[in-house]
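The structure under discussion appears below in the form of structure tokens.
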Amino acid sequence: MKYQAPRGTYDILPEDIQKWHYIENIIRKLTSLYNYYEVRVPIFEQLDLFKRSVGEDTDIVEKEMYTFKDKKGRELALRPEGTASIARMVAEHNLQSSKKEPLRLWYEGPMFRYSRPQKGRYRQFYQFGVECIGSSKPIADAEIIAIGWQILQEAKVPDVSLEINSVGCPECREQYNILLKEFLYKDKDKYCADCRRRMEQNPLRVFDCKNNTCRQLIKNAPRMLDSICDKCSEHFEGVKKNLEMMKVPFTVNPEIVRGLDYYTKTAFEYKVNYLGAQDALGGGGRYDGLIEYLGGKQTPAVGLSMGLERIILSLEKSEFLFPEDNNLKVLVIPIGTAALQASIEMMQEFHKADISAIIADESSSVGSNLKLCDKNNVSFAVLIGDNELKSGLYVVKDIKKKAQSEIKKEEVVSFIKNT
Ligand code: AMP
């Protein structure tokens, strides 16, 4: 019986891992420059956490969650996103209380959604997220948006556009919901069953519908941005101003609502126009009510999340040459079994000096081992046979320069280090 990875999942093969390391290194660098700390939260949580935070009427919770019961009958879910867990963690550990500065956190890891797999959409995918917790100021929104922007720029993802919007606060949303409901009810029967139900419970979610008829109908709906209160409007102006100061180019798109319930005020997305339907690389927004809603202190917060697969896909599309991972530097070639002991010791000396080295198969010919060096971009080969053992002089071949030297065995490491 031969097995396959489950539908919607995939393996990251050794020849592809450099792409992941490339983008992960950029994420680590940028988050560190902005003083963000990495955190790691569980891959599964109580199901209720996602129902309450992401929202019961969202596609993610309604249709896409991997849920299960453990042996004690507890209802759990594989995490479909990261912010709910971060907010739960902050509330649970009361993380904000002792700090004056906002808490700056980031994470990366697999997320799980039962959606229809296609290029750029998987059932297990990787997201990284950046969260600034404890500041209600527009500069915090701008900082988060700028970090995402800079990561994409530094990674050289071509033609990224940034779109921002404000989805208001609970007060202005209440007013807006009345207007939106009025609009939706005019053509109520033309919408799909999901939308008709959402109209009652959470009309903003009608904007997430993928059904073409619903999409056409909602196009002329009143926009949240036209209904936001003075405070939200002032905040939005502040975010725009700060982004301008940071020289982060953006456009305002009143249609961005994000598919999760916890967002307040700022919402934004990074997009490209060459990935078809999966054109969103990431997005985020403010979630001022979430931590309190999950039992913590009232704590304003803003964050973003991005999909690593989509960033990699964008780079592959532009035929970007990913830098190779630091690969093997030295192949130690024992000529005959008698040289094995000395070859092992030689390899260990390289490792002590932080130089990557392995031992070649002593049953293969020297010629085929040297060919391996060429093929795998190995810089040096060290040959050890009976003569070398007797003389204490090892043959060091510089593969690229096609040069050869005989070096005292105690000096081989420093010779290679200094070449
Ligand atoms: P969301 O949490 O839905 O706003 O998603 C944030 C980002 O995660 C998206 O812009 C994508 O880059 C990525 N993403 C979301 N769902 C998937 C998925 N099923 N497969 C791959 N990437 C995804």
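The values are calculated or read from the model by the stated rules, or taken from the named source; none is laboratory data. Keep in mind that what you see is a predicted model, and the values were worked out from it rather than measured. All Cβ positions, glycine included, derive from the backbone under ideal geometry; neighbour counts span all protein chains shown. Just so you know, the surface numbers come from the protein's heavy atoms only, side chains and all, with ligands and any DNA or RNA stripped out. Shrake-Rupley method; radii C 1.70, N 1.55, O 1.52, S 1.80 Å.
Here are some notes:
- DSSP finds beta bridges in the range 330-417, and of those with both partners inside it, around 55 percent are antiparallel.
- On Cα atoms only, tilt of 138-154 relative to the major axis of the chain in degrees: 40 degrees
- The packing ranking, built from the mean of other Cβ atoms within 10 Å per residue, places the peptides 129-135, 362-368 in the order 129-135, 362-368, highest first.
- Whole-percent carbon and sulfur share, accessible surface of the range 334-419, 1.4 Å: 51 percent
- Overall form of the chain: prolate. Here a/c, set by the Cα gyration tensor axes a ≥ b ≥ c, is 1.5 or more, and a/b is the larger of a/b and b/c.
- Distance from the Cα centroid of the range 206-244 to that of the range 337-404 is 64 Å (rounded to whole angstrom).
- Gained length - residue 320 relative to residue 375, 0.36 nm times residue gap less alpha-carbon distance: 17.6 nm
- Residues 126, 185, ordered by accessible area of protein heavy atoms at a 1.4 angstrom probe radius and largest first, appear as 185, 126.
- Accessible area per residue in Å² at 1.4 Å probe, computed on the range 330-417: 56 Å²
- Rounded if a/c under 1.5, otherwise prolate or oblate - the range 330-417, Cα gyration tensor axes: rounded
- Against the criterion of solvent-accessible heavy-atom surface with a 1.4 angstrom probe, 245, 65 sort, most first, into 245, 65.
- Considering only the chain, percent of DSSP beta bridges that pair antiparallel, nearest 5: 80 percent
- Cα-based helix-to-principal-axis angle, 340-352 vs the chain, degrees rounded to 10: 40 degrees
- Surface exposure of the range 80-171, expressed per residue as accessible area with a 1.4 Å probe, stands at 38 Å².
- Overall form of the range 114-264 per C-alpha gyration tensor (a/c, 1.5; a/b vs b/c): oblate
- The helix-only estimate of mean residue ellipticity at 222 nm for the chain, built from DSSP H runs of length n ≥ 4 each weighted as -39500 (n - 2.57), is -11000 deg cm²/dmol after division by the residue total.
- Figure note: 13, 321, 315 ranked by solvent-accessible area, largest first, 1.4 Å probe, ligands and nucleic acids not counted: 321, 13, 315.
- Heavy atoms of residue 405: accessible area, 1.4 Å probe, square angstrom to 10: 40 Å²
- Using alpha-carbon coordinates, inclination of helix 17-33 to the longest axis of the chain, degrees: 60 degrees
- Accessible surface of the range 164-291 [probe 1.4 Å, protein heavy atoms]: carbon and sulfur percent: 48 percent
- Normalised by the number of residues in the range 330-417, the mean separation of alpha-carbon contacts (under 8 Å, six or more apart) gives a relative contact order of 30 percent.
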